[in-house]
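Down below is the structure, laid out as C-alpha cells.
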Amino acid sequence: MKTVLRVDNIETAYGRSQVIFGISLDIKEGETATLLGRNGVGKTTTLRSILGLTPVKRGEVHFCDQRIDAMATDRIARLGIAIVPEGRLIFPESDCAGKPGRLRQQPQQNQGSMDAGPRVRTVPATAGTR
C-alpha cells in the first residue's frame with residue numbers, strides 16, 4: 001500500500017522549550033491512526049506540526065510523496081489535511097445527555113436532505129460508574 005502521510009523524526013519546540021523529540025509514523029492508504037497519551041505529552045503539538053501551525057525544527061513531513069513541513073498552513077490545508085480541535089461545539093445540535101439529536105443539512109434547490117450520520121442514542125448519566 002502507498003504511504004499517504006509520513007512523519008520522519010520530527011522535533012518541535014515552542015520558543016526554547018522543546019515539546020516533540022523525534023516522532024516518526026507512517027500512515028498508509030486506507031489506514032486509520034490514533035495518537036494516544038495522557039495530557040501534555042504532545043498529541044496536539046504533533047498534529048499542529050503536521051499541519052504547519054507549529055513549525056518543525058528538525059525532521060520531515062510528507063503527504064502523498066510531497067514534502068510539506070516547510071509549506072504554509074493554508075497550502076497544507078488545501079492538500080486535504082485538517083485538524084478539528086475538541087471542545088469547539090462542532091456539532092452543537094447533537095445532544096447525548098438529553099433526547100437524541102439528528103444532524104441535517106438544509107436541502108438545496110432540487111436536492112433532498114442529507115443525514116450527517118446515524119441517530120445519537122441517549123447514554124444514561126450513570127453509565128460507567130459504580
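Since every read-out is calculated from the coordinates, none of them should be taken as a lab result. Remember, predicted model here, so these are calculated numbers, not experimental data. We place every Cβ from the backbone using ideal geometry, glycine too, and count neighbours over all the protein chains shown.
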Legend entry - Within the range 56-88, considering residues that are among the small types (Gly, Ala, Ser) and assigned to a loop (DSSP other than H, G, I, E, B), the one farthest from the chain's Cα centre (by Cα): Ala70
Inset, instruction - Report the residue count in the range 19-32 for those that are of a type outside the set (Asp, Glu) and closer than 10 Å to Val4 by Cβ. - result: 3
Inset, instruction - Report yes if some residue within the range 17-39 is on the phi > 0 side of the Ramachandran plot, within 18 Å of the chain's Cα centre (by Cα), free of Cβ contacts under 8 Å to residues at least 12 places away in the same chain and part of a loop (DSSP other than H, G, I, E, B); otherwise report no. - result: yes
